[in-house]
1. Calculate the spin-label point distance for Ser628 paired with Ser573, positioning each point 7 Å from the Cα along the beta-carbon direction, and give it in nanometres.
2. Per 0.36 nm of contour for each residue apart, how much would the distance between Asn635 and Ser596 grow if the chain were fully extended, relative to their Cα-Cα spacing?
3. Tell me, how many Å apart are the Cα centres for the stretch 404-480 and for the stretch 576-632?
4. Could you derive backbone 3J(HN,Hα) for the stretch 404-409 from the dihedral phi with the Karplus parameters 6.51, -1.76 and 1.60 (θ = phi - 60°), listing whole Hz in sequence and x where the residue is Gly or Pro?
5. How big is D, in µm² s⁻¹, for the stretch 119-308 by Stokes-Einstein at 25 °C and 0.890 mPa s if Rh is the Kirkwood radius over C-alpha pairs?
6. Given C-alpha coordinates of the stretch 2-100, what is the ratio Rg to Rh with the Kirkwood estimate of Rh?
7. For Lys336 paired with Lys274, estimate the spin-label separation in nm (one decimal), with each label point 7 Å from Cα along the Cα-to-Cβ line.
8. Using the alpha-carbon centroid of each, what span in Å lies between the stretch 134-181 and the stretch 236-277?
Amino acid sequence: MFADIVFNKPIGPLTYELKNHSVNACPGMRVAVQLKQKPTVGIIYKIKEETDLPYIKPVEETLDKEPVLNDDLIEAGEWISRYYLCSIGEALWTIIPKGYKKREKSIIIDNQFPTGERDGDIVLTDEQQVVFDRLRKSLDEEGASHFLLYGITGSGKTEIYLRIIHEVLKKDKGAILLVPEISLTPQTINYFSKRVGDQLAILHSRLTKAEKINEWQRILSGEKKIVIGARSAIFAPMKDIGIIIIDEEHETSYKSEETPRYNAKGVAYYRAGKHGATLLLGSATPSIESFYLAKLKKFTFLQLSHRVLNQKLPKAHIADLRKIKGKKYISTFLFKAIERRLKKKEQVILFLNRRGFSPYVYCENCGYVFKCKNCDITLTYHKGEKRLKCHYCGYLEQIHEVCPACGDEKLLYSGFGTEKIEGLLNDYFPGAVSARMDTDTVKKRGSLSRILSAFSKKRIDILLGTQIVTKGLHFPDVTLVGVLNADIPLNFPDFRSAERTFNLITQVSGRAGRSEKGGEVIIQTYNPVHYAIQTAKNQNYEEFFIREIKYREILIYPPFCRIIRLVFRGIISKDLFESAYNTVSLIQERTGDYISILGPTFCPFSRIKNNYRVHVIIKVKQLEPVRSVLREIYNTLKKKKGQYIEIDIDPVSML
Ligand code: ADP
Ligand code: ZN
């Protein structure tokens, strides 16, 4: 007997012989083999009786007693490899949890969640009931059905997710709920575990490898029928899926930024189709693409337009930074608003999309700018650590006394990040307790839940943070949200920058006024008249959509086209341009079926980790003609010495 084994490499399956000790081997099991004289772990893709190859190496050991991938997931891997253009090995190794990458065996840990609360404790509002009934009906319909739930923040979407998941369980089917990693806070986990804990598996990045494998095994065996997790939970090994829910469907984190660059939304669409399941996308700020699909009736449109118990949406104001003199960190307007809340013993969330103390350090005398040695990116000053840091590659440098170029001592720390604001808050509001929540402060296991728990017990008055504070948090005493610099996402060179700005402001605004106390939002910006900021201030998604969709149509951006992006990475930029030009002319020779080809040019981030980056952006009406050309030349592209070529279907980042 022989087995086709696949590896996490851009190469096809390789055949090995199954010896006596491996008679029970079957597809989806991991094996130990030699690959180019190196001991390597592979996955069995196919078993076969014969081979015409003259010399065959043996499988040394099978590492699993039962397959870790079922047939359903192996097929999903085949689909990924065709759709996103990668080897079947890369696809299957993406599907299994990280813990399996080594020879680790699985162990069973008991981690049942406490349960007790029941659905009946909350009565659905009329609006919620309509949405719920429609979804419940879809569970009995033949084939897959697709829904977009557009519900403002606090409208009770999560409650609907829970209820419909219960219905799915009654039919003895499974449910997958995807949420962005950063909203997988202890608060959210708690909400679910109290209600459906006994059947619940939660997959998030704070689990250890062993815990991840453990959860995976329990889903595979059918013991756990509900999975909540971030992007990769879309690969949960369930036999019979009844519903897939993607919360905050507009989030870019559903797209993987490593090969294969899959989008969990795309995989969800594929899996829902295979299982005849219901696919539900939910958001307060749907992506332009999804909303457009709903307009075209490709998705059934569902809406929740009121907050539960009729809590009002917070009132929003703009603080025009152009009119403020001196240091433009916290405007007087925002300052006074914070003071008012503190007096009333209410709480404040401040959002700033940038960590560290200062993102830009330079010499006043000669203009020298401190940049990363490996990347074309400025270093961020982290005051507490007394170091300069590259946020892309992690490069560190001690702070300097003098300019390395001219020896002058006048080094300036310009711009501001969360660390700088943290210091200011202590000076401005000496009586108040503030806490900073960003990747620097929540690195340690447990620190995120410590901060959130202190905040909910009102031991913290002001919570300052990056994206991490914009999602899913529900604190009734937060009555003020301040957006310190709304322009950071707006200034990115990307066609989705207005959409991201609108989303961020809306999401963080939704953290305010979640009780009868009401709420207020203050948005600090240099672009007060920009439509993304204006419509976000007025909480008017529809108006934003109308403006944005026009712009997309005129300039031909998704949803009016599809995009294929090729990024050529390597040490010698001239070679990258040569490869890129060759690829472009090859595509032009083989097919005329595209809208336009932009580039090759340097990417906006032209060098990262010592590699130059050159890209080509191909706009197409449909993916297939250009994608099939790329499939044909895949092997040649991947074999280029000294170069790495990324193929990105439907990219979400153009940097
Ligand atoms: P969303 O996900 O749309 O932002 P949530 O589902 O988090 O909103 O709901 C906000 C809050 O309202 C939660 O604390 C939730 O428990 C509560 N809630 C939801 N539905 C109801 C209801 N029908 N009656 C009372 N409270 C509700
Ligand atoms: Zn760097």
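Where a number appears in this text, it was derived from the coordinates with a stated rule and is not lab data. Remember, predicted model here, so these are calculated numbers, not experimental data. We place every Cβ from the backbone using ideal geometry, glycine too, and count neighbours over all the protein chains shown.
1. Rounded to a tenth, the inter-label distance reads 3.7 nm.
2. Computed gain between Asn635 and Ser596 is 11.6 nm.
3. Taking the Cα centre of the stretch 576-632 as reference, the centre of the stretch 404-480 is 41 Å away.
4. Rounded to whole hertz, the list is x, 8, 10, x, 5, 9.
5. 148 µm²/s
6. That ratio is 0.94, to two decimals.
7. Once both label points are built, they end up 6.0 nm from each other.
8. The two parts, judged by their Cα centres, are 14 Å apart.
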